[in-house]
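The values are calculated or read from the model by the stated rules, or taken from the named source; none is laboratory data. This one's a predicted model, so the numbers in the text were calculated from it and none came from an experiment. Glycine gets a Cβ as well: all are built from the backbone with ideal geometry, and neighbour counts include every protein chain shown. The protein model used for the area step is the full one, side chains on, heavy atoms only, and it has no ligands, DNA or RNA in it. Shrake-Rupley method; radii C 1.70, N 1.55, O 1.52, S 1.80 Å.
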Amino acid sequence: MTPVKTLRDTRSLVEAGLVPPERLPALEAVAARYAVAITPAMAELIDPANANDPIARQFVPASEEMIASPGEDGDPIGDTAHSPVEGIVHRYPDRVLLKPTHTCAVYCRFCFRREMVGPEGLSNLTPAQLDAAFAYIADRPEIWEVIVTGGDPFVLSPRRIAALMDRLEAIDHVKIVRFHTRVPAVDPDAVTDDLIAALKRTTKTVYVALHANHARELTPAARAACARIVDAGVPMLSQTVLLRGVNDNPVVLADLMRTFVETRIRPYYLHHGDHAPGTAHLRTTLAEGQAIMKALRGTVSGLAQPTYVLDIPGGHGKVPVGPNYVAEGEVEDPNGVVRSYPPEG
């Protein structure tokens, strides 16, 4: 039976039939450290009979999360080193992250901010902290884009999102506002007319980037929620994390990317898994990711090709890490055949 409210603890997962009772003691230790939340829309997709269900692997706690692996870090992409004031991350010259909340509609088991989000994580920004964040943006004319993230900004009320948009509207040099969210897929009913009106109350160009990792997440209700956003004139992009046992094969990833395109969402980034604590069981190798991307090239439309990227640990920035097709005097075609280039006369 589909739960009628978000599942927020391991006992609720057992009662919903998503976790067998014998796993409860081990998972309680995980839930004590890392937040748990599974919306009804996602709980309905999980097949409890499938031990490798790709939706469950994203949201249901696993005992492997208590295993620390070399190189893992509570701040794996170095947000803190680039945070001049609370709620701002300024890693690249022309854009900043604005994190007004650290609450999410669901909590991903692979989240690179898992030490910061959830009920025991960082608090929402106070009015004074928001003032300081907006002052930081206003004082720096090089900031062209503000990426509103968190947490998930779409858990905020439309009134609060409208207030954020009004503050950004007053900063002339900010031209682009981008929201990063899972809400249209994990809680489609939250994409209301009021939310869309809040996004549209600006002369700025607004984008919404949807995080989804498996085509099953894009249910008819999710597609309808995305259609409401796109039909309002707000373009959408995708973000996906390459996850072992979820989307780490070309067929599954191609299905997801095609589903994005069919939903009028432009595939944007395929993220290599970050070294967040307790996530080794979900990470692939770079070589595996490159092989998957190579398999997509030439067999899947160019519209459905994301850029495979790595956030270099320690806060050193994001770089593309897709396969290389070019060597001195030669180039490899989509079928793996090496051709001379420039062509010989």
- [ ] Would you please give the residues with an amide H less than 5 Å from that of R266, counting only those at least 5 places away or on a separate chain, with H modeled from the backbone geometry?
- [x] M236, L237, S238
- [ ] Once you've got the GNM for the chain with C-alpha springs shorter than 10 Å, pick whichever of A287, A190, A254 has the biggest mean-square fluctuation.
- [x] A287
- [ ] Please work out how much length the chain gains when fully extended from E28 to A227, using 0.36 nm per residue of separation minus the C-alpha to C-alpha distance, in nm with one decimal.
- [x] 67.8 nm
TODO: Taking every pair of Cα atoms in the stretch 241-286, average 1/r, invert it to obtain the Kirkwood radius, and report Rg/Rh to two decimals.
DONE: 1.03
Open item on the list: Taking only Cα atoms of the stretch 98-167, what ratio of Rg to Rh do you get with Rh as the Kirkwood inverse-distance radius?
Closed with: 0.99
Task: Label-point separation in nm, A327 to Y92, each point 7 Å along Cα→Cβ - done: 3.2 nm
Open item on the list: From the helices alone, meaning DSSP H stretches of at least four residues, give me the mean residue ellipticity at 222 nm for the chain, per-run term -39500 (n - 2.57), in deg cm²/dmol to the nearest 500.
Closed with: -8000 deg cm²/dmol
- [ ] Place +1 on the Cβ of every Lys and Arg and -1 on the Cβ of every Asp and Glu in the stretch 185-227, take the dipole about the Cα centre, and give the residue among C226, L195, V208 whose Cα lies farthest towards its positive end.
- [x] V208
- [ ] Just reorder L253, L286 by solvent-accessible area, largest first, 1.4 Å probe, all chains present.
- [x] L286, L253
TODO: For the stretch 240-336, state what percent of all Cα-Cα pairs lands in each successive 5 Å bin, counting from 0 Å until the bin that includes the largest distance.
DONE: 2, 13, 22, 23, 19, 12, 6, 2, 0
Task: Local electrostatic count, I229, Cβ distance below 14 Å [Lys/Arg +1, Asp/Glu -1] - done: +2
Task: Karplus (6.51, -1.76, 1.60) ³J(HN,Hα), θ = phi - 60°, over the stretch 229-234, in Hz, Gly and Pro reported as x - done: 5, 5, 5, 7, x, 9
- [ ] Using packing as a proxy for protection, rank 150-156, 279-285 so that the peptide with the highest average count of other Cβ atoms within 10 Å comes first.
- [x] 150-156, 279-285
- [ ] Give me D for the stretch 12-142 in µm² s⁻¹, whole number, from Stokes-Einstein with Rh from the Kirkwood sum over alpha-carbon pairs, 37 °C and 0.692 mPa s.
- [x] 194 µm²/s
Open item on the list: Counting each pair of different Cα atoms once, what's the Kirkwood radius of the stretch 198-278 in Å, rounded to one decimal?
Closed with: 13.6 Å
Open item on the list: Tell me the per residue accessible area of the chain using a 1.4 Å probe; a whole number in Å² is fine.
Closed with: 45 Å²
Open item on the list: Cβ neighbours within 10 Å, averaged per peptide: list 199-208, 319-328 in order, most packed at the top.
Closed with: 199-208, 319-328
TODO: Kindly provide the Kirkwood hydrodynamic radius of the stretch 4-68 in Å, to one decimal, from all pairs of distinct alpha carbon atoms.
DONE: 11.8 Å
Open item on the list: For a quick check: with amide H placed at 1.01 Å from N, whose amide H comes under 5 Å from V148's, ignoring anything fewer than 5 positions away on the same chain?
Closed with: L98, R178, F179, H180
Task: Surface/4 estimate of mean projected area, convex hull on alpha-carbon atoms of the stretch 130-204, nm² - done: 4.7 nm²
Open item on the list: Run the Debye formula on the Cα coordinates of the stretch 37-110, all scatterers equal and no solvent, and tell me log10 I(q)/I(0) at q = 0.18 1/Å.
Closed with: -0.91
- [ ] In whole Hz, with x marking every Gly and Pro, tabulate ³J(HN,Hα) for the stretch 159-164 from phi via Karplus 6.51 cos²θ - 1.76 cosθ + 1.60, θ = phi - 60°.
- [x] 4, 6, 5, 4, 5, 4
Open item on the list: Given all pairs of different Cα atoms, what value in angstroms does the Kirkwood hydrodynamic radius of the chain take?
Closed with: 21.2 Å
Task: K5 paired with N335, simple spin-label distance in nm, labels 7 Å along Cα-to-beta-carbon - done: 6.0 nm
Task: Cut-off 9 Å between beta-carbons: net charge of the residues surrounding D75, Lys and Arg +1, Asp and Glu -1 - done: -2
Task: Accessible-area order (highest first, 1.4 angstrom probe) of the listed residues R114, R167, R33 - done: R33, R167, R114
